[in-house]
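Below is one structure; the comments refer to it alone.
The values are calculated or read from the model by the stated rules, or taken from the named source; none is laboratory data. Everything quoted here is computed from the prediction, not taken from an experiment. Virtual Cβ from ideal backbone geometry, glycine too; neighbours counted across all protein chains shown.
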Amino acid sequence: MSLKPDSDNLKSTESPPGVMPNGAHFAVDVVLDTAYQGIDGKSWAALFDIARKTKLPEFIADLFAGKHINQSEDRPALHSALRNLSKSPVILDGQDVMPAVIDVWHRIDALCNKWIGVTDVIHIGIGGSDFGPRLAIEALAHVPDIESRGMRMHFLANIDTAELARILDRALPHSTRVIVVSKSFTTLETTMNAKAVVAWLKASGCTNSQINKTLFAVTANVAAAKEFGVEEDHIFPFWDWVGGRYSVWSAVGLPIALQYGFKTFEEFLAGAHAMDLHFKNAPLEGNLPVIMALALLYQQEKHGIKAYAAIPYADALDWFPKWLQQLDMESNGKSIGKDGKPVKHSSPVVFGSAGSNAQHSYFQLFHQGPEIIPIDFIAVRKPMSDLPEAVAHHRILLSNCLAQAQALAHGKTDSNPNNVYPGKRPSSLLLLPELNAFYLGALLALYENRAATLGALWNINSFDQPGVEYGKVLAKPIEKALASGSDHIDADDSIDAITAARINFLNA
């Protein structure tokens with residue numbers, strides 16, 4: 001295990017071979033082409049001026065320096081330390097966090113070498129404890145010739161027992177391992193699903209000793225994990241300076257290493273680290289996360305856009321828009337700024353799915369709807385399989401990606417109004433050299449850093465999520481009312497008349 005920066009892994013920030021149109025920028029061999037954003041040189045200059053007036057360079061420096069930029073929770077946002085393969089010190093309140101991070105890397109590597117004969121892994125977590133590792137497992141499964149250890153990786157997030165039943169029907173209890181992932185170890189869906197899986201293990205004849213060897217946890221609440229029955233040396237730490245949606249780089253990403261080997265996990269971290277170095281050090285005018293953020297801000301200012309789409313022309317990235325939805329809308333879906341005042345802009349609605357499937361679904365709206373919806377087209381230069389048809393199929397995939405962007409930009413006139421395409425629909429193209437662990441890490445870090453940049457531009461704290469808590473509070477008395485079985489529930493301070501009527505209908 002090297003755990004040190006590799007000059008081949010960090011990649012170049014120089015332009016790769018070939019000529020791209022004006023509007024193309026390069027970092028870590030990733031191409032960002034904004035030529036179809038419709039932003040002229042004067043407008044770009046004004047956007048970079050806005051970035052400087054909002055003290056974006058200072059914000060970026062504070063982010064990596066461990067300053068408490070998450071003001072509402074009085075903590076930093078140091079997820080970049082989790083992929084800091086240079087091992088350079090990252091100081092938080094006078095202490096270097098890197099020794100603890102490196103210790104987790106060693107423990108993950110060691111665990112990969114211990115799991116022999118395991119057929120199934122059940123990863124239990126929800127939200128940020130689920131989206132990142134699930135996306136990575138799905139995406140990397142398509143990499144030709146990737147090392148795979150043959151285990152079946154199951155992700156259990158939903159409290160709906162349909163997901164639980166499907167997993168338990170497939171898993172072999174005596175050769176299964178269970179990873180419970182919860183920062184607080186109090187997340188209701190996660191703890192209930194974990195108890196259900198433990199009950200299944202017991203019902204399948206596993207002894208308490210066997211179950212103890214089966215259970216693992218990733219959490220910041222070690223005491224709660226031990227109380228649940230997880231042995232201390234099976235608990236991987238998770239720190240309060242890591243937000244859930246930024247946590248795949250921690251032991252939350254354990255399934256990546258277990259499924260594809262620690263070297264693959266290290267390459268995943270290396271791609272993200274390389275993008276972090278670019279974000280931290282590149283001037284604003286050549287900084288990919290900054291350019292992407294400013295392009296979105298421009299479309300908000302000019303067109304008042306309320307949504308944007310991310311369309312990966314790679315089936316392996318079909319989970320990417322779901323991951324991105326949480327990243328953007330949980331980070332920046334807020335109406336109050338860091339100064340306590342209403343903000344002008346916030347996160348647009350994010351949606352998307354794999355192209356070219358998406359073309360046959362909602363692209364009609366993109367082309368001829370009254371709304372202007374910017375699009376991030378994401379493409380990969382190399383095919384994602386080694387089938388004989390791969391090159392021809394991939395050529396068609398890329399031609400569709402390029403054609404859609406061109407059609408949206410230029411539109412089409414026609415004497416029949418039904419055949420008119422207005423055009424001037426903005427989009428960017430992100431082009432990865434290939435899809436592997438390194439470039440997947442770079443892609444995710446690119447969007448994470450863009451989300452932070454947007455928060456800075458909008459004066460929003462991108463690292464708290466108070467809005468998700470209120471519904472959880474209200475669910476408790478409602479669940480109690482449903483459990484009572486009574487169809488005579490009255491409205492009170494926590495249950496309004498409409499909800500009471502719905503409860504009574506369900507209990508009748």
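Numbers for the structure displayed
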read-out	value
Any hit, region 179-194, residues being buried (at least 23 other Cβ atoms within 10 Å of the Cβ) and of a type in the set (Lys, Arg)	yes
Residue list for region 195-251, filter: polar (S, T, N, Q) and either closer than 30 Å to residue 75 by Cα or touching a Lys or Arg at 6+ places or on another chain (Cβ under 6 Å) (or both)	214, 219, 221, 247, 250
Counted residues, region 448-470 - those being assigned to a helix (DSSP H, G or I), aromatic (Phe, Trp, Tyr) and either without any contact (Cβ under 8 Å) to a residue 60 or more places away in the chain or crowded, with 24+ Cβ neighbours inside 10 Å (or both)	1
Number of the condition not met by residue 386 [criteria: (1) surrounded by fewer than 17 Cβ atoms within 10 Å (Cβ to Cβ); (2) modelled with pLDDT of 95 or more]	(2)
Qualifying positions in region 44-64 - part of a loop (DSSP other than H, G, I, E, B) and either surrounded by 15 or more Cβ atoms within 10 Å (Cβ to Cβ) or within 22 Å of the chain's Cα centre (by Cα) (or both)	54
Residues being of a type in the set (S, T, N, Q) and crowded, with 21+ Cβ neighbours inside 10 Å - total across region 126-157	1
Given (1) under 23 Å from the mean Cα position of the chain (by Cα); (2) farther than 23 Å from residue 52 by Cβ, index of the condition residue 487 fails	(1)
Count of region 84-130 residues which are touching a residue at least 60 places away in the same chain (Cβ under 8 Å) and acidic (Asp, Glu)	1
Of all residues making up region 331-351, the number that are β-branched (Val, Ile, Thr) and buried (at least 18 other Cβ atoms within 10 Å of the Cβ)	1
Residues satisfying the stated conditions in region 378-414, i.e. within 20 Å of residue 321 (Cα to Cα) and of a type in the set (A, V, I, L, M, F, W, C)	378, 379, 380, 384, 397, 398, 401, 402, 405
Some residue of region 468-477 being within 35 Å of the chain's Cα centre (by Cα), under 30 Å from residue 299 (Cβ atoms) and among the charged types (D, E, K, R)	no
Criterion violated by residue 308 - all others in (1) touching a helix residue (DSSP H, G or I) at 6+ places or on another chain (Cβ under 7 Å); (2) not in a strand (DSSP E or B) satisfied	(2)
Residues of region 279-303 that turn out to be of a type outside the set (D, E, K, R), in a helix (DSSP H, G or I) and more than 20 Å from the chain's Cα centre (by Cα), as a count	10
Pairs with Cβ under 7 Å, 6+ apart, first in region 248-264 and more than 13 Å from residue 105 (Cβ to Cβ) and in contact (Cβ under 8 Å) with a residue 40 or more places away in the chain, second surrounded by fewer than 24 Cβ atoms within 10 Å (Cβ to Cβ) and hydroxyl-bearing (Ser, Thr, Tyr)	259/148; 260/148
Long-range neighbours under 6 Å by Cβ, at least six apart or interchain, first residue under 11 Å from residue 184 (Cβ atoms) within region 212-225, second of a type in the set (S, T, N, Q)	219/182; 221/184; 225/219
Hits in region 153-181 (condition: farther than 15 Å from residue 201 by Cα and either in contact with a Pro (Cβ under 9 Å, 6 or more places away or on another chain) or modelled with pLDDT under 95 (or both))	153, 155, 181
Condition check for residue 296: closer than 29 Å to residue 46 by Cβ and assigned by TED's automatic domain parsing to the domain that holds residue 57	yes
Pair list, Cβ under 7 Å, 6 or more apart: region 392-417 residue farther than 15 Å from residue 379 by Cα, other residue of a type in the set (Phe, Trp, Tyr)	407/421; 408/366; 409/36; 411/421; 412/421
Candidates 415, 427 - the one that is modelled with pLDDT of 95 or more, of a type in the set (S, T, N, Q) and surrounded by 13 or more Cβ atoms within 10 Å (Cβ to Cβ)	427
Members of region 314-367 that are basic (Lys, Arg) and not in a loop (DSSP other than H, G, I, E, B)	322
Region 311-330: number of residues that are farther than 19 Å from residue 272 by Cα, surrounded by 20 or more Cβ atoms within 10 Å (Cβ to Cβ) and in contact with an Asp or Glu (Cβ under 9 Å, 6 or more places away or on another chain)	1
Some residue of region 225-243 being buried (at least 24 other Cβ atoms within 10 Å of the Cβ), part of a helix (DSSP H, G or I) and out of contact with any strand residue (DSSP E or B) (no Cβ under 8 Å at 6 or more places or on another chain)	no
Hits in region 434-486 (condition: of a type in the set (Val, Ile, Thr) and more than 30 Å from residue 188 (Cβ to Cβ))	453
Number of positions in region 285-305 that are closer than 24 Å to residue 85 by Cα and in contact with a helix residue (DSSP H, G or I) (Cβ under 7 Å, 6 or more places away or on another chain)	4
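Conditions (1) at pLDDT 95 or above; (2) small (Gly, Ala, Ser), marked per residue:
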residue	(1), (2)
9	no, no
22	no, no
31	yes, no
35	yes, yes
83	yes, no
